[in-house]
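Q: I am attaching a structure below and will ask some questions about it afterwards.
Just so it is clear, none of the values below were taken in a lab; they were calculated from the coordinates. If you're wondering where the values come from, they're calculated on a predicted model, not measured in any experiment. Cβ placement follows ideal geometry from the backbone for every residue including glycine, while neighbour counts extend to all protein chains displayed.
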Amino acid sequence: MRRTGPKEDPVDAPTDQAKGTRRDPGPRSVRLALIPLLLAMLPSSLGTTIVATSMPTIAGELGGTAYLSWAVTSYTLAAAASVPVWGKLGDMYGRKRWLVVAMSVFLTGSLLCGLAQDMAELIAARTVQGLGGGGLAVGVMAVIGELIPPRERGRYQGMITSVMVFSMTVGPLIGGSLTDSVGWRWAFWVNLPLGLLSLALIARLVRVTGQRRKAHIDYVGALLLIVCIVSFVLVVTWGGVEHAWGSATIVSLSLLSAAALAGFVHAQSRALEPVLPPHLFGERNFCLMAALSFTNGFVMFGAVLYLPLYQQAVHGVSATGSGLLLLPMLGALVLASQLSGRTVARTGRYKVLQVTGSAAMLSGTLLLSHVGTGTSRLTAALFMALLGAGMGFLGQNVMTVAQNSVGAHEVGVASAAMTLFRTLGQSVGVAVMGTLFNHRVRDVMSAHTHGTALHRTRLDAESMHRLSAPVRAVYRNAVAQGVQGAFVLASLAAGLALAAALGVREVPLRSTRKQQQHRQRQREQDT
């Protein structure tokens, strides 16, 4: 007998026998489906943080210290460049299917990373892992977008944010513990049992309605977008650090990125199935959510990277202690995210939350741009909590509004676009803030220590205590000024976020699939 619909199971939306229509899943069904989705999100979120503390050991065993940064850069580049392609494939051929493919690619890359025998093999394996990580990041959010209507999505927002915060906080500790106890290769292999378990649960618990449809893949557009993103990220990563801004390498990469962008825009206007449909950028809220996603990623990863440096150098805490001192920021982020989600679910209002979040993020970055050697831990913790609350009020709220701004069949593309802009914000923020930080530390150290090479080294608490008192004071002051400069730049990004939030037009969030389908029919009639 021919099947006329999906098999009934715990997370399928129940069917109304009288009308033959499909009802939205209940809270229990959604929570069951979220378990494997959040479990699938965890390895991707840990992709960078869990190996951070393993890198010195990896360099010592595999050699190739000069190329060690590429073990991180190759992952982030591959993830950022592949995100739009994964999103489009999910829209065309089924989001659950391509989520499974992305997890398989990620696990293959993780296995190869642990088997690497030299740095070249590790970099290649990290690229494969990054390709899968990009698919997981967008695939999970797209499936959540299909399972949960935008109005109700806020109820589960805190769970999603908690996974991201957990990876940022616990990832380095897990990586360090595994490296010390069983070896650095397990920092990659730990993904295998997590990933396999999530695949089994996805197959059993997740049912989505997306069906495969005949479509054309925009290969030219995808290739041009990848070239544009890779070239741009290399420019902001290498510029002023590996190569001078006016060097032939940076100029050539800049021109290549600009040419690829122009070609991509032209290709999207002619493609039958564009990777990023141009009409999406005609939606005011979609464009503003892209700006908020970029600036939130810019500020968040800059804070996670440079605040621990400040705590270690200025307050003399250990690496583990500096991670614990981030808890005020991360705790406020989770609480604000949960409050934001519940408020959106109850009232359907989101603009006031985005404006409040952007204003808090701007206030937090401005206050942190004034921290110095005399700033107490309590004062710094309060500043960080304010920053964390601002980022929490934005967070998944941005993704929800972006998905609400497009038709049901383009949720994957919208999710991919937001993930892409957030990833680009992270890459650009870390690179540009890092350049400013390094220059400020170098200038201060050179002016007071007669050209010592200490500015080239990140000193931990134990190494700091071995310095003479005058040199230690100069280094503490240099790091404090470097952090100040980095957060001045972050405050500019937060200011752009506030301007974008003020321009948001509050469109009612869809609360049922029926409303989503009705809006899609209206879009098709308009076009």
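Q: By the gyration tensor of its Cα atoms, with a ≥ b ≥ c the square roots of the eigenvalues, what is the shape of region 218-272: rounded for a/c under 1.5, prolate for a/b over b/c, or oblate? Numbers along the way, then the final one.
A: Working: a/c = 4.34, a/b = 2.82, b/c = 1.54.
The shape class here is prolate.
Q: Here is a further query. Three principal axis extents, largest first, for the C-alpha atoms of region 311-440, in Å?
A: 52, 32, 25
Q: Ok, one more. Pull out a ≥ b ≥ c, the square roots of the eigenvalues of the alpha-carbon gyration tensor of region 166-308, then state rounded if a/c is under 1.5, prolate if not and a/b is larger than b/c, and oblate in the remaining case. Present the calculation step by step, with values, prior to reporting the outcome.
A: On the way: a/c = 1.97, a/b = 1.17, b/c = 1.69.
Cα axes put region 166-308 in the oblate bin.
Q: Is the shape of region 248-307 rounded, prolate or oblate, going by the alpha carbon gyration tensor and its root eigenvalues a ≥ b ≥ c, with a/c under 1.5 for rounded and a/b larger than b/c for prolate?
A: Values: a/c = 3.45, a/b = 1.22, b/c = 2.82.
The shape class here is oblate.
Q: Hey, got the Cα dimensions of region 367-430 along the principal axes, in Å, largest first?
A: 54, 22, 12
Q: Here is a follow-up. Could you line up F298, F286, F383 from fewest to most neighbouring Cβ atoms inside 10 Å? Numbers along the way, then the final one.
A: Numbers: F298 28, F286 21, F383 24.
Least crowded to most crowded, the residues run F286, F383, F298.
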